Structures are given as structure tokens and as C-alpha cells.
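Trainee: I have a structure here, written as C-alpha cells, and I will follow up with some questions on it.
Bear in mind these aren't lab numbers, they're just calculated from the coordinates by the rules spelled out. In this text, all values refer to a predicted model and were calculated from it rather than measured experimentally. Here the Cβ positions follow ideal geometry from the backbone for every residue, glycine too, while neighbour counts run over all protein chains shown.
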């Protein structure tokens, strides 16, 4: 039995569904699981690699990437995995989708033979438009809840920083140092914080959060094995993330934001596989059997 005790007052046990990509099916598919590791449900099943699920603001649509038709493109499907449909048709590889708050656009990374840039995708037409264009990699964008900023990772390994900009590509602000590497920024539901992972030692990364203005960085995990790809619970009280701390495979873990070093548990059910969270959705978007 899990018992939640916090020094900052009572916090409700986590609810909803964690959307994750996993190799437990033999390929790379998208699953949904409860925050306590129960009720695992497979949402995709085809020969392509399916990854990076994220849910629309109204909870009715999941965007994800798939190679089912060749290169990596954006697709949409219902929360139960039904009615998958292709959104983008480009020669590049799209990845890391994130919805605009009004649900009309998706921001994503677009990789070609030169580098990775950030682009916007019109959900109604599938048309893409780059909002960055430079000689460094820009990737893993996350749209702020207020809609006025996009966080993303910029740089070349091993020096990658977390930046924010306006949705038109202007107003660039670098929030972190650029020595060492960081990745996968994710806005908190209230827009006050950005979670991301950061290298702390050779071969090891940990989860951090930083205020939206770049102040008050806080380390949230401490383990000799890598912790990466954080996603927030809908109420902002918890973070799910991928970790190699159990050895051999990546598992999904959940931690309390109020007590991150003491309230932490695995939600990856057996048999183990490569599990990585992509989104956390409320019960109103629950997958159906």
C-alpha cells in the first residue's frame, strides 16, 4: 500500500493515466497505465515505431510520432487508440509534438539531413512552418499553458541548454547554462515551472525544475543511474519520468514534487521493457477497453 505524507500539507494521490512509449510489445508502441502501475492498456499495434504521445487540451485527441509509413511523421488518434490518421507529409522526420493551448497547432522538432529545427503544424491541414532556422539543433519543444512561449532544448552534444521563445520564433531567452547537456523541457500545468533533465556526472542525468523566468533551479532526483524525460501530472503535484535505476531497462517512475527524494515509486508493470513517459492525462480522457 502506498501512503502519501508531505511536509507541505495533504496532497491527493495521483489519478488519471500516464501515456508511455514501450518496447514491451516487441516493437515500439504507445500504452496507457494508471499512476500506481495498474490497468496497462496498449493503444497502438503496427510494424512502425510509435512514440512521443501527447494529448490535446480538450482531451479528445492524442498526437504521436510513427514510422508506420516510412519516415517519422505526426499522427493523431482517439484516447482509446482508435481512428489513427496521419497529420504530416514531409521528407523530414517529425518528433516531440506538443499542443498549443487552443488545440489548433502542434509544435514539434523537424529533423533533416542538416539539423533539427522547431516547426509549427496546423492541425486542420497538416501544413508545417519552421520557426527556428540556424546551424544548431533545436528540439523537444513544449508549449506553455498560457500559449505565449515555447520551451525547447538548443545546442550540440555535449553542450545543450534550455531556452524559451515566442511562438513566432522571436524573443529568445536562454534559461540555463549551456555547459553540459540538458533535454526534454516540460511546462508545469500552471506555467510557473519547467521540468527537464540535466547531466550531473559523466553518464548520469537527473531531473530538475526551474522557474519560468530562469530562477530557482531545483534538483528533483538523486541516483547514480540516469533519470530523464519528465512529465507533469494534470494537477502539477507529481512528475513521471524514465529511469535506468532498476538496471537493464528504462522504467517509468512517479515522484511527489513536494517530497521528490522520499516519495517515489515505479509504475512500469512486468514484464519489463523500454518504458518512457510522454504525457499524463486526466480521467476525463481515459482510454476505454
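Trainee: Please give the peptides 223-233, 106-116, 172-182 ranked by average Cβ packing (other Cβ atoms within 10 Å per residue), highest first, as a rough proxy for protection.
Mentor: Details: 223-233: 20.9, 106-116: 19.1, 172-182: 15.9.
Highest to lowest by the protection proxy: 223-233, 106-116, 172-182.
Trainee: Now for a separate question. So what's the gap between the Cα centers of the stretch 210-254 and the stretch 25-45, to the nearest angstrom?
Mentor: 20 Å
Trainee: What is the distance in Å between the Cα centroid of the stretch 158-175 and that of the stretch 54-128?
Mentor: 21 Å
Trainee: Also, I was wondering about something else. Can you give the convex hull volume per residue for the Cα atoms of the stretch 150-289, as a whole number of Å³?
Mentor: On the way: hull volume 18.7 nm³, N = 140.
Measuring per residue, one finds 134 Å³ for the Cα hull of the stretch 150-289.
Trainee: Can you tell me what the convex hull of the Cα atoms of the chain projects to on average, as an area in nm²? Intermediate values should be presented prior to the final figure.
Mentor: On the way: hull surface 57.5 nm².
Seen from a random direction, the Cα hull of the chain projects 14.4 nm² on average.
Trainee: Run through all the Cα pairs of the stretch 50-160 and give the fraction in each 5 Å bin from 0, expressed as whole percent.
Mentor: Final binned percentages: 2, 13, 24, 26, 19, 11, 4, 1, 0.
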